[in-house]
Amino acid sequence: QIIELGAVKYQNGKIIDQYESLVYAKDIPIFIQEVTNIKPKMLEDAPTLKVVLEEFKIFLEDHVFVAHDIKFDYKFISDSFEKYDLGKLENRKLCTIDLARRTIAAQRYGLDFLKELLNIDIENQHRAFSDALSTSYILTESLKHVSKDIDTTEKLIDFSKSDNLIVNKKSE
């Protein structure tokens, strides 16, 4: 179950809006509590998942859905939308793991590793909003290393999915 949802709207290299909400849940597995530091008491007065999804759908509008490991987040949100009769998520999508693999020289491409590599100092690791913010920083860094020929969102999405590995080595 979703216990927190966080997102940022990013345009022309800047964050222009944000969304953040805890979600009511009766129980949280101990493992999830340890990873997120979200305790059941924190969710007692939180809005229901349906309310949060309705708000998030309005926030998202028709913007590109960007996530670090897009397959998981996109499917989870889409399935949740459908469960609450909010339609299917049909926004265009961009995976920052795929984009980072083509633009940032690194041994690994997990969020935690890239945050350390790029000196992204954001607290509340493994919290929805903090991870969305970290993802926006990775997107910003990746965009610095993209060819000027990639000048539209569609070209960027296509580039991120391509098999061509074009890494601009930064650590020289």
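The values are calculated or read from the model by the stated rules, or taken from the named source; none is laboratory data. Just so it is clear, the model here is predicted, and its values are computed rather than measured. Here the Cβ positions follow ideal geometry from the backbone for every residue, glycine too, while neighbour counts run over all protein chains shown. What goes into the accessible areas is simple: the full protein's heavy atoms, side chains included, and nothing from ligands, DNA or RNA. Shrake-Rupley method; radii C 1.70, N 1.55, O 1.52, S 1.80 Å.
For the reader, a short list of remarks on this structure follows.
- Considering the stretch 127-153, the residues that are in contact (Cβ under 8 Å) with a residue 60 or more places away in the chain and exposed (fewer than 15 other Cβ atoms within 10 Å of the Cβ) include one that is farthest from Lys39 (Cα to Cα), namely Thr153.
- Flag if Arg108 is in contact (Cβ under 8 Å) with a residue 40 or more places away in the chain and under 29 Å from Asp163 (Cβ atoms): no
- Among the residues examined, Tyr19 qualifies as touching an Asp or Glu at 6+ places or on another chain (Cβ under 8 Å) and in contact (Cβ under 8 Å) with a residue 12 or more places away in the chain.
- Test: residue in the stretch 91-109 that is assigned to a loop (DSSP other than H, G, I, E, B) and under 18 Å from Val23 (Cα atoms): no
- Only one of the listed residues (Ile166, Ile70, Ile120) is modelled with pLDDT under 95 and touching a Phe, Trp or Tyr at 6+ places or on another chain (Cβ under 6 Å). That residue is Ile120.
- Selected residue (criterion: nearest to the chain's Cα centre (by Cα)) from residues of the stretch 74-124 that are open to solvent by 60 Å² or more (accessible area, probe 1.4 Å) and among the polar types (S, T, N, Q): Asn124
- Tally, over the stretch 43-52, of residues that are out of contact with any Lys or Arg (no Cβ under 9 Å at 6 or more places or on another chain) and either open to solvent by less than 80 Å² (accessible area, probe 1.4 Å) or touching a residue at least 60 places away in the same chain (Cβ under 8 Å) (or both): 5
- Verdict on Tyr24 being at pLDDT 95 or above, in contact with a helix residue (DSSP H, G or I) (Cβ under 6 Å, 6 or more places away or on another chain), over 20 Å from Thr135 (Cβ atoms) and surrounded by 14 or more Cβ atoms within 10 Å (Cβ to Cβ): yes
- Ser147 fulfils the conditions (1) closer than 26 Å to Glu4 by Cβ; (2) assigned to a loop (DSSP other than H, G, I, E, B) except for a single criterion, (1).
- Looking only at residues of the stretch 1-21 that are open to solvent by 40 Å² or more (accessible area, probe 1.4 Å) and not in a loop (DSSP other than H, G, I, E, B), we find that the one that is nearest to Arg127 (Cα to Cα) is Glu20.
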